[in-house]
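Asks: Got a structure here, written out as structure tokens. Questions coming.
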2 protein chains.
Amino acid sequence: MATAKLTGSSCSIARSLGVLGERWTFLILREALMGTTRFGAFREALGVAPDVLAARLATLVEYGVMTREPYRDEGSRPRDAYLLTPAGRELQVVLGSLQQWGDSHLPWPDGPTVERRARGTGRPLRVGFIDDGGREIGLDDVEMVRTAAYPT
Amino acid sequence: MATAKLTGSSCSIARSLGVLGERWTFLILREALMGTTRFGAFREALGVAPDVLAARLATLVEYGVMTREPYRDEGSRPRDAYLLTPAGRELQVVLGSLQQWGDSHLPWPDGPTVERRARGTGRPLRVGFIDDGGREIGLDDVEMVRTAAYPT
């Protein structure tokens, strides 16, 4: 279950964390973005307790990040697979930014374990700010501007 | 105190969350990126218990996200202010990606309360993937590639 207080916040960071910020959820999403779909595969990859995993997946389905799709292996009972929706796939940007920050500021002794690359060209990718003309904008030139909807 | 198990992980997303993933930490960082520096101002903006706020700020200092700087208002005892380091300012990308996702997929009835704009031009900004030639790469063309450092 997501944190109701956060999902009702006027701050979109707080709302996102209301859905995504529970322990395990980002790591479940990491596995999903690497192609994991089955309950048992999430469990094995993460070593997470089944009841916690079921609760986190249910929240992700409830908020439209994943969909539940039945499948059936031959000779087994039907089970559910969990697939990212388009909204879920957009979390690649969030996960990529966390990965990039961790690789820069909490480095692993052997170097990054996963790199972000462009399909086709293989060029290394970073996550950053882009203006509506497609130009990258450096951090020093990024402003957070309150709108008329900002609570007073 | 950060989650030791996560900060020792080979996964940079897990390490980042080991430092950043405690409840309140992202919201403290949001305030810091909007210019808040003083303990009392964080406390007032967030309504967070002082002991929890002190613990979260201590973790952020421990991991090099913030520095503690003494200040003294006239007639008061010396106090500490908390300033983002360059590593802390780079979290703008993480916070911006969470904000963007929340505004798209968990919208606020009155619209976004904060927008990302380029200083000078005022152009709207989004967070996305950029290759080493400065070109934006769409999500469908982003690959996560395991390196030789990936644990087997």
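Asks: Can you find a residue that is more than 21 Å from A:L17 (Cα to Cα), in contact with a strand residue (DSSP E or B) (Cβ under 7 Å, 6 or more places away or on another chain) and surrounded by 18 or more Cβ atoms within 10 Å (Cβ to Cβ) anywhere in segment B:24-39?
Replies: No, every residue in segment B:24-39 fails to be more than 21 Å from A:L17 (Cα to Cα), in contact with a strand residue (DSSP E or B) (Cβ under 7 Å, 6 or more places away or on another chain) and surrounded by 18 or more Cβ atoms within 10 Å (Cβ to Cβ).
Asks: Right, here's the next one. Answer yes or no: is there a residue in segment A:53-67 that is out of contact with any His (no Cβ under 9 Å at 6 or more places or on another chain) and either closer than 28 Å to A:P124 by Cβ or facing another protein chain (nearest Cβ under 8 Å) (or both).
Replies: Scanning segment A:53-67 turns up no residue that is out of contact with any His (no Cβ under 9 Å at 6 or more places or on another chain) and either closer than 28 Å to A:P124 by Cβ or facing another protein chain (nearest Cβ under 8 Å) (or both).
Asks: Are there any pairs, at least 6 apart or on different chains, whose C-beta atoms fall under 6 Å, with the first in segment B:132-144 and at the interface with chain A (Cβ under 7 Å from one of its Cβ atoms) and closer than 16 Å to A:I130 by Cα and the second of a type in the set (D, E, K, R) and part of a loop (DSSP other than H, G, I, E, B), and if so, which?
Replies: The qualifying pairs are B:D132/A:R123.
Asks: Against the conditions (1) more than 14 Å from the chain's Cα centre (by Cα); (2) under 29 Å from A:R146 (Cα atoms), where does B:R72 fall short? Just the number, please.
Replies: (2)
Asks: Just checking, how many residues over segment B:68-103 are over 30 Å from B:R126 (Cβ atoms) and touching a helix residue (DSSP H, G or I) at 6+ places or on another chain (Cβ under 6 Å)?
Replies: Going through segment B:68-103 one residue at a time, the tally reaches 1.
Asks: Here's something else I'd like to know. Pairs needed: first member in segment A:84-108, without any contact (Cβ under 8 Å) to a residue 24 or more places away in the chain; second member anywhere, acidic (D, E) and outside any helix (DSSP H, G or I); C-beta distance under 8 Å; at least 6 residues apart or different chains.
Replies: From residues that are without any contact (Cβ under 8 Å) to a residue 24 or more places away in the chain, the pairs are A:W101/B:E90; A:S104/B:E90; A:H105/B:E90.
Asks: Then there's this: Specify the residue that is nearest to the other protein chains (Cβ to nearest Cβ); the eligible residues are those in segment A:82-92 that are part of a helix (DSSP H, G or I) and touching a strand residue (DSSP E or B) at 6+ places or on another chain (Cβ under 8 Å).
Replies: A:Q92
Asks: Next up: If you check A:L95 against the conditions, is it aliphatic (A, V, I, L, M) and assigned to a strand (DSSP E or B)?
Replies: Judged against the criteria, A:L95 is not a match.
Asks: (1) at pLDDT below 95; (2) farther than 22 Å from A:P109 by Cα; (3) away from chain A (no Cβ under 12 Å): which one isn't true of B:A4, the others all being true?
Replies: (2)
Asks: Any residue at all in segment B:77-92 that's surrounded by fewer than 21 Cβ atoms within 10 Å (Cβ to Cβ), out of contact with any Pro (no Cβ under 8 Å at 6 or more places or on another chain) and at pLDDT below 95?
Replies: Taking every residue of segment B:77-92 in turn, at least one turns out to be surrounded by fewer than 21 Cβ atoms within 10 Å (Cβ to Cβ), out of contact with any Pro (no Cβ under 8 Å at 6 or more places or on another chain) and at pLDDT below 95.
Asks: Scan segment B:143-150 and tell me whether some residue there is part of a strand (DSSP E or B), under 18 Å from B:S12 (Cβ atoms) and hydrophobic (A, V, I, L, M, F, W, C).
Replies: Yes, segment B:143-150 contains a residue that is part of a strand (DSSP E or B), under 18 Å from B:S12 (Cβ atoms) and hydrophobic (A, V, I, L, M, F, W, C).
Asks: Can you tell me how many residues within segment A:24-55 are more than 23 Å from B:D140 (Cβ to Cβ), in contact (Cβ under 8 Å) with a residue 24 or more places away in the chain and not in a helix (DSSP H, G or I)?
Replies: Selection size over segment A:24-55: 3.
The values are calculated or read from the model by the stated rules, or taken from the named source; none is laboratory data. Keep in mind that this is a model prediction, so the values were computed, not measured. Note that we place each Cβ from the backbone using ideal geometry, even for glycine, and neighbour counts take in every protein chain shown.
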